[in-house]
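Presented below is the structure to which this report refers.
The values are calculated or read from the model by the stated rules, or taken from the named source; none is laboratory data. Predicted model only: the values in this text are computed from it and were never measured. Here the Cβ is made from the backbone with ideal geometry for all residues, glycine too, and neighbour counts use every protein chain on show. Keep in mind that these areas ignore ligands, DNA and RNA; they rest on the heavy atoms of the full protein, side chains included. Shrake-Rupley method; radii C 1.70, N 1.55, O 1.52, S 1.80 Å.
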Amino acid sequence: MNEQVLKGIEPAMVMQYFEEICSIPHGSGNIQAISDYLVSYAVEKGLRYVQEPCGNVIIFKEASPGYESEPGIILQGHMDMVAVWDDDCRIDMLTDGLELFLSDGLVGAKGTSLGGDDGIALAYAMAILADDSIPHPALEFVATINEETGMDGAIMLDTSVLRGRRLINIDSEEEGSFLTGCAGGATLRLRIPTVRTEATGQYFSVRVDGLQGGHSGTEIHKNRANAILILARVLRALKKQMDYSLVRIDGGTKDNAIPVSAEAVICCVEKPELSRVEESFRNALSGKEDGISITATPCVCAESILSPKTEKAVLDLLTTIPFGVAAMSMLPGLVETSDNVGIIRTGEDCIEIATSVRSMIESEKEALCEKISTLAALCGATVARNSEYPGWQYRMVSPLREKAIAAYREQYGAMPKVETIHAGLECGLLIEKLPDLDAISMGPDIYDIHTTKERLSIASVQRTWELLKGILAKKDCVL
């Protein structure tokens, strides 16, 4: 990682901690180092802490003088990031820190995702706890593990140690918006058993690349193409042109990220001609996915081919499975129900597809899960359901929301947006554990999260820092 890329950038302490966080590998499932880092921070600052066996960390700080009688506040974010990288990136995200850079007031990482979601939450909370000049009520900083892959930390969190009943979740990516509700969701894992047979011929890699991708909660309505499903259509079209056999198919990185690339290995007697297929997709996706690339290149492969039955089952499922917005909410512009086909992997004995279902309405989530499960069964696949989380229902009476709105109006001279979103947040799980919890979610502007194009706005970080301090400093009696 480049040294001191963010040195001298305000707010200095926030950016210092963010840069330190970026130097520690912390992709989902690889969180021990970042968990221990937070513990070391607490020890250094002389703050009481709890490190749970799963890796969650809770850090406590007493109220500032004059704030002892104010309701305590929980500052919350998750310590894992969606770790994605460009094909030519030399960084090993299991062991290496990120290489940060600055461009036009934005922070990015070279060749990888940035992890502003949700490293900036940790940086904000650490800076608050480290600065004794910032007035605040009693604070409890809750950093959870593996939010991006199933909200494991929120599920396992022992809330019995928490005294606060007001939660500021710092895990949204739009300045000027307070989130007050979110969708519930579940991940379905569809497994098609593989049967292989011997064949002769040449091996070719058929790839779909260059798509925009994005977060399947916040960007599912933008009509971005799904590389896995585009690849399935390419293979269908190719079957009409020539005889080939499918060897394997792989794509995507996370079930909650719209896949930007996918690859199939096929066996045939001559190189596939895909120029017309690519031209057709370029025309269909003009203005939406202008970077799409569809290629076929010779490759080396030692695997035998999939049986015709297995090949048909895979392509049948991929060409019928839902993707994108299934229904819009009655609230203007809000997605109600959606599905994202995020990952496909060819293993030793099966091909697994991971798909993320979300809905603001529990019964509609169930209906879409049932639809996908039925399609899977018809194609000979088994279904496992996990990473389930509840929605977060809007609270009619919310003193914390009113406090935040008042602080925002004082700073910006305008009203913030108060809205619910289609993406999932840990607030729903935490409220399920603490039904009297009053919560909002907020954060600075972060663009193209979960992709290698992710950028964090420095100016927005500064303004959101002032807003967060303003909310903490505002007493209930002045509402």
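Before moving on, here are some points about what is shown:
- The distance from the alpha carbon centre of region 32-46 to that of region 401-442 is 28 Å, rounded to a whole number.
- Cα-based Rg of region 209-337 normalised by 2.2 N^0.38 Å, two decimals: 1.15
- Residue pairs, from the table LYS254/LYS365; LYS222/LYS254; LYS239/LYS309; LYS365/LYS417; LYS240/LYS312, whose Cα atoms sit over 23 Å apart: LYS365/LYS417
- Simple label model, 7 Å out from Cα along Cβ direction - ASP86 to GLU68, nm: 5.7 nm
- Distance between the modelled labels on LEU94 and GLU402, one decimal in nanometres: 5.3 nm (7 Å Cα→Cβ projection).
- Ranking TRP85, TRP465 from most to least accessible surface, computed with a 1.4 Å probe over the protein chains only, gives TRP85, TRP465.
- With all pairs of separate Cα atoms included, region 29-152 yields a Kirkwood hydrodynamic radius of 15.9 Å.
- Potential extension, GLU366-LYS240 segment - 0.36 nm per residue separation minus Cα distance: 41.7 nm
- Set of region 92-111 residues, backbone N closer than 15 Å to the point 7 Å along the Cα-Cβ line of VAL300: none
- For ASP448, the solvent-accessible surface with a 1.4 Å probe is about 50 Å², rounded to the nearest 10.
- With bins 5 Å wide beginning at 0, the percent of Cα pairs of region 283-386 falling in each bin runs 2, 9, 16, 17, 17, 14, 13, 6, 3, 1, 0.
- Calculated accessible area for the chain comes out at 41 Å² per residue, all protein chains present (probe 1.4 Å; ligands, DNA, RNA ignored).
- Contact order, relative form, for the chain: 22 percent (alpha carbon pairs under 8 Å, 6 or more residues apart, mean separation divided by residue count).
- Relative pair counts by distance (%), Cα atoms of region 148-291, 10 Å bins: 9, 29, 27, 18, 11, 6, 1
- GLU419, GLU198, GLU466, GLU175, reordered so the largest accessible area comes first (probe 1.4 Å): GLU198, GLU466, GLU419, GLU175
- Taking all protein chains together and a 1.4 Å probe, the residues ASP104, ASP171, ASP132, ASP436 rank ASP104, ASP132, ASP436, ASP171 from largest to smallest accessible area.
- Whether region 245-315 is rounded, prolate or oblate, judged on the alpha carbon gyration tensor where a/c under 1.5 counts as rounded: oblate
- Inter-site label distance for VAL325 and ASP349 at 7 Å from Cα along Cβ, in nm: 4.2 nm
- Cα centroid separation, region 52-119 to region 251-274: 32 Å.
- Note on region 383-479: Rg/Rh from Cα positions, Kirkwood definition for Rh, rounded to two decimals, is 1.02.
- With the convex hull drawn over the C-alpha atoms of region 2-42, the volume per residue is 73 Å³.
- Rolling a 1.4 Å probe over the protein heavy atoms of the chain, with every protein chain left in place, gives an accessible area that is 51 percent carbon and sulfur.
- Förster radius 41 Å - calculated FRET efficiency between SER293 and PHE101, Cβ distance, rounded to 0.05: 0.95
- Computed E for TYR447/SER275 - FRET, C-beta separation, R0 30 angstrom, nearest 0.05: 0.35
- Listed by chain and number, the lysines placed with their C-alpha closer than 23 angstrom to that of LYS45 are LYS7, LYS61, LYS469; residues fewer than eight positions away on the same chain are left out.
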